[in-house]
There are 2 protein chains.
Amino acid sequence: MPPADPSRDSEYLDRLRDYYAEARRIPTQQRICELIGFASKTAAKKLLERLETAGFVERTPDDDAWMPTTRFFERPLADIAVRAGAPDMIEGTQGDMFLIDQYLVRQPSRTLMVPVKGDSMIDAGIHDGDLVVVERTKAAKSGDFVIAIVDDEFTLKELILEKSKFALKPHNPAYPIIRPQGQLEIFGVVTGLVRRYQG
Amino acid sequence: MPPADPSRDSEYLDRLRDYYAEARRIPTQQRICELIGFASKTAAKKLLERLETAGFVERTPDDDAWMPTTRFFERPLADIAVRAGAPDMIEGTQGDMFLIDQYLVRQPSRTLMVPVKGDSMIDAGIHDGDLVVVERTKAAKSGDFVIAIVDDEFTLKELILEKSKFALKPHNPAYPIIRPQGQLEIFGVVTGLVRRYQG
DNA sequence: TTGACAGGTGTTCCAGAGAACACTAGCATG
DNA sequence: CATGCTAGTGTTCTCTGGAACACCTGTCAA
């Protein structure tokens, strides 16, 4: 038997990551045995349980299968605060697509992307040309950035509570606070933002 | 029996997408029945086969399970500039579809995500806690936002040309321009930005 | 009118995925 | 030295996921 190497699991984890990149799922216990060379499924099961306590995988909500956590995809996430030198060890890999999507979108069927027009939210770091991730169902609360419908126009503002009435506050001193007369119609809540530089 | 509705599958697809967002896998035939209301697993199987020909799912390399394709992760892109009233037209599939990852990442193997620390770029709309998309290969040019290595520390600044020498300019008046003595080492070029609101 | 097809229901059957349990070899620790 | 923990092997059992097949019923086209 090989000596107990505490860093061996990270090598195993790499195998699982490679498999996930191809098949987009955590391998079965049987396939883990093939991938790593275990002779017994129990070893695979225990490995998964170790990876669970380490925070790389977790049970599905139905508790009938394993799923990766965000830490599972963590490889291309560089920690610039800690690292000194040795930048080459943090190369990204092919299979890590859809990390961003999963980071931003919780309920796909209720989520859409909305391009930002204008600079009324510039002081909140939301620029013209950015794309905001909008979740339609979410109940908007004071302090949320929302897409509201004012005079048949869509507008992105912060929802605030002013004397127990809702109002829309731009983040740009050049624009006034919007205090709607009747009902304030909220199209959706901004849950994320995406920006692309240079072309 | 309900009338054959050609757009019914897209509603089913939404259920699968929501399930995938939670459990990170295509549901089993049995669970598809629960999610949608099918009484027979065969209906679930045929649905998956339809979605395969439509290009939303495919078989794993081992041909023992279903996995999502890139089309599975497409999000609707709303054009609020056109709007005028009818926001619900965006519900349908007719609008443009859009892949966040593809939008931000051109070369996955050369791309990584870097969390932003500090507020030295706040005036450029880059906040503490944002994630920037960094491409390692790209040749940096004046005007680019770059991750540079200064004194063994990673720092995010704008690369500028000052008297035919490169320097690093923060976008926050509280910080000074960095004029490196010797070689200025560029780790990568910022090609995108991702921000998540509320939790 | 008559197919043919699409989208379902219902049923049977089997492989395999995972749980559970007993057991073992190294390695640390008191 | 005993003790216990960790990371494995090997085995059995159960249950479920999926394939296959027969059948049903609206819709549309010829």
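The table below lists the values:
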item	result
Degrees separating the helix B:41-53 axis from the principal Cα axis of chain B, which is the longest one	50
Spatially close lysines, pair count over the stretch B:108-194: Cα under 17 Å, gap of eight or more or interchain	9
In nm, spacing of pseudo-spin labels at B:Asp9 and A:Arg59 (7 Å Cα→C-beta vector)	3.6
Inter-copy separations for B:Ile36, label at 7 Å along Cα-Cβ, nm, ascending	3.6
Peptides ranked, highest mean first, by Cβ atoms within 10 Å: ranges B:102-115, A:55-68	B:102-115, A:55-68
Test item: B:137-148 mean partner chain Cβ contacts at 10 Å	1
Environment charge of B:His127, counting only residues whose C-beta is closer than 14 Å and scoring Lys/Arg +1, Asp/Glu -1	-2
Calculated FRET efficiency for the pair B:His127/B:Glu185, C-beta based, R₀ 25 Å, to 0.05	0.50
Helix axis angle, B:8-23 relative to chain B longest principal axis, alpha carbon, degrees	50
Other copies of A:Ser10: label-to-label distances in nm, shortest first, labels 7 Å along the beta-carbon direction	4.7
Computed [θ] at 222 nm, deg cm²/dmol, chain B (DSSP H ≥ 4; -39,500 (n - 2.57); rounded to nearest 500)	-5500 deg cm²/dmol
Shielding by other protein chains, A:109-120, mean Cβ within 10 Å	4
Residue order, fewest to most surrounding Cβ atoms within 10 angstrom, among A:Ser164, B:Ser40	A:Ser164, B:Ser40
Label-point separation in nm, A:Lys165 to B:Ser164, each point 7 Å along Cα→Cβ	6.4
Within-14-Å neighbourhood charge of A:Gln183 [Cβ basis; K, R +1; D, E -1]	-1
In nm, spacing of pseudo-spin labels at A:Ile177 and A:Thr28 (7 Å Cα→C-beta vector)	6.1
Cα-based shape type of the protein assembly as shown, given that a ≥ b ≥ c are square roots of the gyration tensor eigenvalues and the cut on a/c is 1.5	oblate
Across the identical copies, how the B:Pro61 labels are spaced - nm, sorted shortest first, 7 Å along Cα→Cβ	3.1
Three-way shape call for chain B based on the alpha-carbon gyration tensor, with the a/c threshold at 1.5	prolate
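Bear in mind these aren't lab numbers, they're just calculated from the coordinates by the rules spelled out. This is a predicted model, so every value here is computed, not measured. So basically every Cβ, Gly included, is an ideal-geometry build from the backbone, and we count neighbours across all protein chains shown.
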